[in-house]
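The values are calculated or read from the model by the stated rules, or taken from the named source; none is laboratory data. From a predicted model like this one, the values you see are computed outputs, not experimental measurements. Here Cβ is always computed from backbone atoms with ideal geometry, including for glycine, and neighbour counts include all displayed protein chains. Areas reflect the complete protein model, heavy atoms only, side chains present, ligands, DNA and RNA absent. Shrake-Rupley method; radii C 1.70, N 1.55, O 1.52, S 1.80 Å.
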Amino acid sequence: MLSEVIATRYVTPLREGGSLPGIVEADDLGTYVMKFIGAGQGRKTLVAEVICGRLAQRLGLRVPELVQIQLDPVIGLGEPDQEVQELLKASGGLNLGMDYLPGSIGFDPLAYQVDPVEAGRVVWFDALINNVDRSWRNPNMLVWHGDLWLIDHGATMIWHHNWPTAATAAAKPYNASDHVLAPVGPRVAEAAAELAPLVTEELLTEVAADVPDEWLAGEPGFDSSDAVRRAYVEALLPRAATIHERISMDAPVKAPQGPPGWLTDHLTEWPHPTRKKSDSR
């Protein structure tokens with residue numbers, strides 16, 4: 001079960017995300033990136049964040065720690081942005097928080113080298129959860145203290161938006177041609193051999209149990225929150241066993257080719273050729 005904290009101060013919105021997450025401080029003295037139940041994407045985004053984030057952690061991938069955050073909308077009364085105020089008013093109650101990683105930077109494939117083994121583990125995991133939001137245009141990864149961290153899993157497991165077709169959708173292949181780590185040469189087969197045996201029914205059941213009941217209650221076609229949790233297990237379990245056989249990276253990857261020479265050539269030598277050696281320090 002995720003630990004629960006109470007938001008004590010709304011700090012600032014993060015406008016990079018479409019759901020307008022915000023940075024908040026909590027009563028445990030922690031600082032969190034908060035995803036709101038009242039955002040346009042709805043509660044299923046938070047469910048996906050919990051299931052995928054907790055699963056990644058259990059598989060040894062780096063994901064910021066997740067917590068449940070109780071929000072009293074009154075803390076946003078001083079926020080001048082009306083859009084943010086409306087979001088806070090619509091999000092009273094239980095929301096989701098991710099540990100804020102101070103000083104982290106967005107992943108840039110031109111600046112940070114990823115080992116093919118680690119790349120294979122990330123690509124395999126994204127294939128498992130059908131993550132359509134890890135392209136070079138929007139990597140949804142951070143570099144913190146020299147390590148790669150995965151964030152923003154709200155756009156995964158698209159089958160849970162239409163449960164009657166979940167079995168068919170979860171059986172589909174995964175095209176990784178546009179994945180930000182595709183150019184690295186990810187060792188997907190090695191990753192599958194390591195990680196697939198870990199994705200057991202017991203593990204998935206434990207991960208699904210971390211989703212609060214109120215985010216699952218009233219799901220059409222299910223008579224209980226536990227029945228919805230079971231549906232996630234039944235979708236992911238068979239996919240874990242075979243998805244590595246259906247990952248394709250055949251199409252050309254339209255990734256940046258590197259900074260232009262006029263920007264980098266002068267960095268190859270010091271003192272700079274245009275300066276006199278006597279000017280260098």
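Write down the Kirkwood hydrodynamic radius of region 198-251, to one decimal in angstroms, obtained as one divided by the mean of 1/r over all alpha carbon pairs. For region 198-251, the Kirkwood estimate is 12.6 Å.
What would the Debye formula give as log10 I(q)/I(0) at q = 0.14, 0.19 Å⁻¹ for the alpha-carbon point model of region 40-179, no solvent? Debye output, listed in q order: -0.77, -1.21. The relative contact order of region 70-171 comes to 20 percent, based on Cα pairs under 8 Å that sit 6 or more residues apart.
The alpha-carbon positions of region 1-72 define a convex hull whose volume is 97 Å³ per residue. Label positions at GLU202 and GLN82, each projected 7 Å from the Cα along the C-beta direction, are separated by 5.6 nm.
Within region 1-147, antiparallel bridges make up roughly 90 percent of the DSSP beta bridges whose residues both belong there. If R0 is taken as 25 Å, the Cβ-Cβ distance between ASP133 and TRP163 corresponds to a FRET efficiency of 0.75. Each of ILE247, ALA227, ALA208 was scored by the projection of its Cα onto the charge dipole of the chain, and the greatest displacement toward the positive side belongs to ILE247; charges sit on the C-beta of Lys, Arg, Asp and Glu.
Our estimate of slack between TYR112 and GLU194, defined as 0.36 nm per intervening residue step minus the Cα-Cα distance, is 27.1 nm.
Pairs of lysine residues in the chain that meet both criteria, 8 or more places apart or on different chains and Cα atoms under 22 Å apart, total 4. Altogether, the Stokes-Einstein calculation at 25 °C and 0.890 mPa s, with the Kirkwood radius of region 115-210 over Cα pairs as Rh, returns a diffusion coefficient of 170 µm²/s. The stretch between ASP27 and ILE6 holds 7.0 nm of extra length on full extension. This uses 0.36 nm per residue minus the Cα-Cα distance.
Which one of ILE6, ASN138, THR156 has its Cα pushed farthest toward the positive end of the charge dipole of the chain, where Lys and Arg give +1 and Asp and Glu give -1 at the Cβ? Among ILE6, ASN138, THR156, the one farthest towards the positive end of the dipole of the chain is ASN138. The Cα-based radius of gyration and maximum Cα-Cα distance (Dmax) for the chain are 21.3, 80 Å.
Surface composition of the chain: carbon and sulfur make up 54 percent of the accessible area, probe 1.4 Å. For every other residue with a beta carbon closer than 15 angstrom to the beta carbon of ASN140, add +1 if it is Lys or Arg and -1 if Asp or Glu, then tell me the sum. Charge balance in the 15 Å sphere: -3. Just want to confirm a number: the relative contact order over region 1-144, from Cα pairs under 8 angstrom separated by 6+ residues, in percent. About 23 percent, as a whole number. Compared with the alpha-carbon gap, the fully stretched path from GLU16 to ALA227 is longer by 72.5 nm at 0.36 nm per residue. Rounded to the nearest 20 debye, the dipole magnitude of the chain is 960 debye, with +1 charges on Lys and Arg beta carbons, -1 on Asp and Glu beta carbons, and the Cα centre as origin. Computed with every protein chain present, the accessible area of THR12 is close to 50 Å² [probe 1.4 Å].
Rounded to the nearest 20 debye, the dipole size of region 1-123 about its Cα centre is 440 debye, using +1 on the Cβ of Lys and Arg and -1 on the Cβ of Asp and Glu. With both residues required to sit in the chain, DSSP beta bridges show an antiparallel share near 85%. Helices meeting the span-like rule in the chain (full DSSP H runs, Cα extent of at least 27 Å along the helix axis, mean Kyte-Doolittle score of -0.5 or higher): 225-242. Based on protein heavy atoms only, the chain ends up with 50 Å² per residue of surface accessible to a 1.4 Å probe.
What does the net charge come to around LYS172 if you take all other residues with beta carbon closer than 11 Å to its beta carbon, with K and R at +1 and D and E at -1? Overall, the nearby charge balance is +2. Under the criterion of Cα pairs below 8 Å and six or more residues apart, the relative contact order for region 1-68 equals 28 percent.
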